[in-house]
Amino acid sequence: MYMELNWTISNLESYINYQGHDDVVFQVFWVLIASEEANGKTYTVRTSDITKLTLGNLNPFTPFEQLTKEQVVGWVTNTINYPALTADLYQNLQQQINPTTVVQAPPWN
């Protein structure tokens, strides 16, 4: 089985000017969707968050208009506990694929 991850960066919040640079990103709004195919069906789990970046030394600096999705996702994964997040997504997918619980209506309805 294989879990596929799909990142969406919905917004970037930036300082207009910071340490002599324009449009310095300090906060990333993101969505991560994990999916896996099993038993002829695609299962998905979605999570989203806002990640505040530690700016520190801005050398080298990438101008805002030259940022790539891969670079920004790298900032996020280096800031959050990415292994724990992906493990949780995987566990949630496995619970959907092989459920151990079920929600049922009361038998008297």
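Where only protein heavy atoms count, and the probe is 1.4 Å, what is the accessible area per residue for region 1-81 in Å²?
Details: 5340 Å² over 81 residues.
The answer is 66 Å² per residue.
Nearest 10 degrees is fine. How inclined is helix 82-97 to the longest principal axis of the chain, computing both from alpha carbons?
20 degrees
How far, in degrees from 0 to 90, does helix 69-79 lean away from the longest principal axis of the Cα atoms of the chain, to the nearest 10?
80 degrees
Using the per-residue mean of other Cβ atoms lying within 10 Å as a proxy for protection, in what order, highest first, do the peptides 17-29, 38-50 fall? Before the final figure, lay out the partial values.
Working: 17-29: 14.2, 38-50: 11.8.
Ranked by mean Cβ neighbours within 10 Å, highest first: 17-29, 38-50.
Which FRET efficiency, nearest 0.05, do Thr54 and Ala105 yield, Cβ-Cβ r, R0 35 Å? Write down the numbers at each step before the final one.
On the way: r = 49 Å, r/R0 = 1.41.
The pair Thr54/Ala105 has a calculated efficiency of 0.10.
Could you tell me what percent of the accessible area of region 37-109 is made up of carbon and sulfur, with a 1.4 Å probe and every protein chain present? Kindly include the intermediate steps, with their values, before the conclusion.
On the way: 2750 of 5500 Å².
Carbon and sulfur: 50 percent of the exposed surface of region 37-109.
Using r as the Cβ-Cβ distance of Gln71 and Asn39, and R0 as 41 Å, what FRET efficiency do you calculate, to the nearest 0.05?
Details: r = 37 Å, r/R0 = 0.90.
Given R0 = 41 Å and the Cβ-Cβ separation, E is 0.65.
Check Leu53: other-chain or 5+ apart residues with amide H under 5 Å from its amide H, H built from backbone geometry?
Gln27, Val28
Expressed as a rounded percentage, what relative contact order does the chain have, with Cα pairs under 8 Å and six or more residues apart? Walk me through the intermediate numbers first.
Working: 136 pairs, mean separation 25.4, N = 109.
That works out to 23 percent.
Explain nothing, just the number: dipole magnitude of the chain about its Cα centre with +1 on each Lys and Arg Cβ and -1 on each Asp and Glu Cβ, in debye rounded to the nearest 20.
Computed about the Cα centre, the dipole is about 280 debye.
Please name which of Pro83, Leu55, Ala38 has its Cα lying farthest along the dipole of the chain towards the positive end, using unit charges on Cβ (Lys, Arg +1; Asp, Glu -1) and the Cα centre as origin.
Ala38
The values are calculated or read from the model by the stated rules, or taken from the named source; none is laboratory data. Computed from a predicted structure; not experimentally measured. Cβ sites come from the backbone with ideal geometry, for glycine too, and all protein chains shown count toward neighbours. Ligands, DNA and RNA are excluded from the accessible area calculation, which covers all protein heavy atoms including side chains. Shrake-Rupley method; radii C 1.70, N 1.55, O 1.52, S 1.80 Å.
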